[in-house]
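Shown next, in structure tokens, is the structure this report addresses.
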Amino acid sequence: MSDIVILPVPPFSLLCNAAFALRREVFVWEQKVPEAEEHDNYDMTATHFVAIGEGEVVGTLRLIDLPEHVKIGRVAVRQAFRGRGIARRMIAAAMAHARQAGRDRFYLTAQSDKLGFYESLGFVAFGPEFIDGGMPHRAMRDYDRDSAVLVD
Ligand SMILES: CC(C)(COP(=O)(O)OP(=O)(O)OC[C@H]1O[C@@H](n2cnc3c(N)ncnc32)[C@H](O)[C@@H]1OP(=O)(O)O)[C@@H](O)C(=O)NCCC(=O)NCCS
């Protein structure tokens, strides 16, 4: 869809605050993640991305720069805007942004029912399932794919 704009925004800017509100809407109210777990200190230093559609923030994610890889997290799209490729486009835009800064190893922890979505973006699951925010998750990465499968 051509009417969606995706861009990085500074932490605690107006657009980023709208993204934080969307995260509360999706993770706390919809998915019942405990509110105390939704924000963390990484929000101060992460690179936040927003998707803007129809004049409002309808999608968001954040990138956390870690020594071993870049962690993609807090991927959320407003319910009424799902199924239109917004998450896929946000992830592609965020990875391209990180690659421009010389980072090309990506990691995330996926809700177990979303593994297929991230596999379609080139990620493989590794390690055991664990509970985060009350939901089962798996770690996934898009590098060292063969060894990721081996420790599965
Ligand atoms: C998961 C989420 C971010 C996907 O956003 P979206 O904009 O609807 O996703 P897209 O339209 O880009 O879909 C990308 C692909 O994933 C698939 N997909 C979307 N939601 C899915 C889900 N819940 N489970 C499995 N696959 C899903 C789509 O069918 C699509 O596949 P296709 O490209 O082959 O057609 C959105 O459903 C959401 O915000 N969910 C609540 C928060 C959440 O679960 N975040 C992810 C935590 S790991």
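Tell me which of these Tyr118 doesn't satisfy, since it passes every other one: (1) outside any helix (DSSP H, G or I); (2) free of Cβ contacts under 8 Å to residues at least 24 places away in the same chain; (3) under 12 Å from the mean Cα position of the chain (by Cα).
(1)
Among the residues of region 1-25, which ones are in contact with a strand residue (DSSP E or B) (Cβ under 7 Å, 6 or more places away or on another chain), closer than 12 Å to Thr47 by Cα and without any contact (Cβ under 8 Å) to a residue 40 or more places away in the chain?
Listed by number, the residues that qualify are Pro11, Cys16.
Quick one: which residue in Val33, Val58, Val28 is within 12 Å of the ligand (Cβ to nearest atom), part of a helix (DSSP H, G or I) and in contact with a helix residue (DSSP H, G or I) (Cβ under 8 Å, 6 or more places away or on another chain)?
Val28
Filter region 70-87 down to the residues that are more than 6 Å from the ligand (Cβ to nearest atom), in a helix (DSSP H, G or I) and buried (at least 17 other Cβ atoms within 10 Å of the Cβ) and list them by number.
Within region 70-87, Phe81 is the sole residue that qualifies.
Here, each number is a calculation from the coordinates, and none is a lab measurement. This is a predicted model, so every value here is computed, not measured. Virtual Cβ from ideal backbone geometry, glycine too; neighbours counted across all protein chains shown.
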